[in-house]
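The structure appears right after this line, and notes come after that.
The values are calculated or read from the model by the stated rules, or taken from the named source; none is laboratory data. In this text, all values refer to a predicted model and were calculated from it rather than measured experimentally. Please note that ligands, DNA and RNA were not included when accessible areas were found on the heavy atoms of the full protein model with its side chains. Shrake-Rupley method; radii C 1.70, N 1.55, O 1.52, S 1.80 Å.
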Amino acid sequence: MTSFLIGLQATAFAGDVSVRDTQRRDITLADPSRTIAIGGAVTEVLADLGLAQRIAAVDSTSTYPPDVVKNKPNVGYLRQLSAEGVIGLNPTLVLAMDSAGPKQAVEAIQAAGIPLVLIPEHFSEDGVLEKIRLIGHAMAADKEILLAAQRRARLLPRVPLLSVLEEPPA
């Protein structure tokens, strides 16, 4: 089981962060200040981590929390994205569920030089925690991960409380 650092508030981005996404691609992120959240789970985790102010746009599956998504530009449905709609918003990062598509749109976003991190869709207790860990690390919010994990753990009573991050997520 993964464990996490204790922290209280979202931190400013302090430099490059490296992540390995669900397709096992190593991606270096320099600036998550204008993040497009593609997938309702991505948007919810960002809000849970206190990072709603960094969300530049969402997709149509992002309906919660309503106060976070109501005034954000919408880039369309998760599986029917328009690359132009995403690229035209000048994001510094795209966090998308690994079912995002079509493939051509995902490839066009990557070809435009926009960092795209694909988030796993594992529908289990560990899967929820993995989403929180990967999204939090991509946003340089490792300290905030424990609080979000604890909130989720209340919903998932079999998940033990998590304590100290042994090594930064890759």
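Structure notes:
- With the convex hull drawn over the C-alpha atoms of the range 45-85, the volume per residue is 69 Å³.
- Where Ile36, Ile87 fall by accessible area, highest first, once all protein chains stay in place (1.4 Å): Ile87, Ile36
- Straight-distance crosslink candidates among aspartates and glutamates, where the alpha carbon sits under 13 Å from Lys131 and sequence neighbours closer than 8 are dropped: Asp21, Glu44, Asp48, Asp98, Glu121, Asp142
- The range 104-146: C-alpha gyration tensor shape, a/c 1.5 cut-off, then a/b vs b/c: oblate
- Per residue, the accessible area of the range 83-125 comes to 44 Å², computed with a 1.4 Å probe over protein heavy atoms only.
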